[in-house]
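The structure appears below as structure tokens.
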Amino acid sequence: MLTSCGSKQANADQELQVEPAKRPISEYVSEDREYVMDRISDPWEGFNRRMYRFNYHFDKYLFLPIVKAYTTILPDFAEDGVSNFFNNVREIKSFYNSVLQLQGKSSVDTAARFGINTTIGILGVWDPATRMGIEKHPEDFGQTLGHYGVGNGPFVVWPIFGPSNLRDTTGLITDSIAMNKIIYNGILRNKSDNTKDQVKLYATIFNAIDTRHRTGFRYYGSGSPFEYELVKLLYNEKRHIDINKH
């Protein structure tokens, strides 16, 4: 009986024997080398992953159904008009950030685009500036901070807003405050508080819907188990390109 057990154990050991790796991991990974992912600070990874999942469910059950209804109701030319309008409003942000970065051509092009599209394009509903060949230069305060050497800071995923980092979050808040001052205390300064509140409400809603409609990204759409890491990497690289494009 003991012989039989020993024989069975030997057979089991043979079946469980693992062959050595044909290519050791040391061929691909070096302890002395710094990898791109190592340079991305992510101390809030637990929070970020929870927010990533939250955004997936928010998208799936609320945001995307609203976007689908929006695109079903509005004809294509109306959707384009809404997008053009908000793109034209964003030229204000691009202009003052181009000035802050001392980017002469970007400042001139952006001012020209805003002036032409606001007048000839009827408040930006049409985009004749693009047809005239005037280049678009999207800028934000996060890029301005990066232009002057401010680092990314920790990676963060915000509810609804999605991937960002500490520098770009600071930029987003700064731009929001500045745009509110310019539009509601400047352009609409003679309007009643009730009118300003209504404009702000509808502008926020339609801008959010239009932005999501024009953004092709879908949470967990890649099918990769490493999608979170991939998004973190791509966001970081995109912002690096945005900041260093000049």
(message) For the pairs Lys60/Lys232; Lys181/Lys245; Lys68/Lys136; Lys68/Lys105; Lys68/Lys196; Lys60/Lys200, flag any whose C-alpha to C-alpha distance is greater than 32 Å.
(response) Lys68/Lys105
(request) Once you have the Cα-Cα distance between Lys191 and Thr170, take 0.36 nm times their residue separation minus that, and quote the gain in nm to one decimal. (result) 4.6 nm
(request) Taking amide H positions as placed in the peptide plane 1.01 Å from N, state which residues far from Asn165 in sequence (5 or more) or on other chains have amide H under 5 Å from it. (result) Val156
(message) Could you tell me the center-to-center distance, by alpha carbons, between the stretch 56-74 and the stretch 122-175 in angstrom?
(response) 24
(request) Be a star and scan the stretch 132-171 for residues whose amide nitrogen sits under 20 Å from the point 7 Å along the Cα-to-Cβ vector of Leu102. (result) 139-151
(request) Just check the stretch 52-243 against the gyration tensor rule for me: Cα atoms, a ≥ b ≥ c as the square roots of the eigenvalues, rounded for a/c under 1.5, and otherwise prolate or oblate depending on whether a/b exceeds b/c. (result) oblate
(request) List every residue whose amide H lies under 5 Å from the amide H of Ser41, counting only residues 5 or more places away in sequence or on a different chain, with H placed 1.01 Å from N in the peptide plane. (result) Phe155
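Rule-based calculations on the coordinates, nothing more; no lab input. It should be emphasised that the depicted structure is a prediction, and the values quoted were computed from it without experimental measurement. Note that each Cβ is placed from the backbone with ideal geometry, even for glycine, and that neighbours are counted across all protein chains shown.
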